[in-house]
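The values are calculated or read from the model by the stated rules, or taken from the named source; none is laboratory data. Fair warning: this is a prediction, and the values are worked out from it, not measured in the lab. For neighbour counting, all protein chains shown are included, and Cβ atoms are generated from backbone atoms with ideal geometry for every residue, glycine included.
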Amino acid sequence: MPPKPAPNEPFCQTEACSLQSCLNKNTYAPEKCDRHLRNLYECCQRMYKATSDEGESTACPMPQVVNRWIKDHPRK
């Protein structure tokens, strides 16, 4: 399970903010943020797995989207 967020902070918010910062710094080279994107999706996957797909976070897309992305982007 992902680490417990601070009170009133959604799960995976830290990873989402890290991705946003990276994208802001690398506007014309988003591929430089692949690691941050993977960290976010893996955090969301852990949250959904721990909550039987019932967890909610504004930082995470729907479970089906997370699962499809993870499947389509295997670790190298």
Step by step: first the residues of the range 17-49, then only those that are out of contact with any helix residue (DSSP H, G or I) (no Cβ under 9 Å at 6 or more places or on another chain) and more than 21 Å from Arg75 (Cα to Cα), then the one that is surrounded by the most Cβ atoms within 10 Å (Cβ to Cβ). Which residue is that? Cys17
Starting from the range 47-65, take each residue that is at positive phi and list its partners that are surrounded by 13 or more Cβ atoms within 10 Å (Cβ to Cβ), counting only C-beta distances under 8 angstrom and pairs at least six apart or across chains. Asp53/Pro63
Of all residues in the range 25-76 being among the basic types (Lys, Arg) and assigned to a loop (DSSP other than H, G, I, E, B), the one that is nearest to Pro10 (Cα to Cα): Arg75
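Residues are listed down the side, and each one gets a yes or a no for (1) of a type in the set (A, V, I, L, M); (2) over 14 Å from the mean Cα position of the chain (by Cα); (3) modelled with pLDDT under 95:
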{"site": "Ala6", "(1), (2), (3)": "yes, yes, yes"}
{"site": "Phe11", "(1), (2), (3)": "no, no, yes"}
{"site": "Ser18", "(1), (2), (3)": "no, no, no"}
{"site": "Tyr28", "(1), (2), (3)": "no, yes, yes"}
{"site": "Arg38", "(1), (2), (3)": "no, no, no"}
{"site": "Tyr48", "(1), (2), (3)": "no, no, no"}
{"site": "Glu54", "(1), (2), (3)": "no, yes, yes"}
{"site": "Ala59", "(1), (2), (3)": "yes, no, no"}
{"site": "Gln64", "(1), (2), (3)": "no, no, no"}
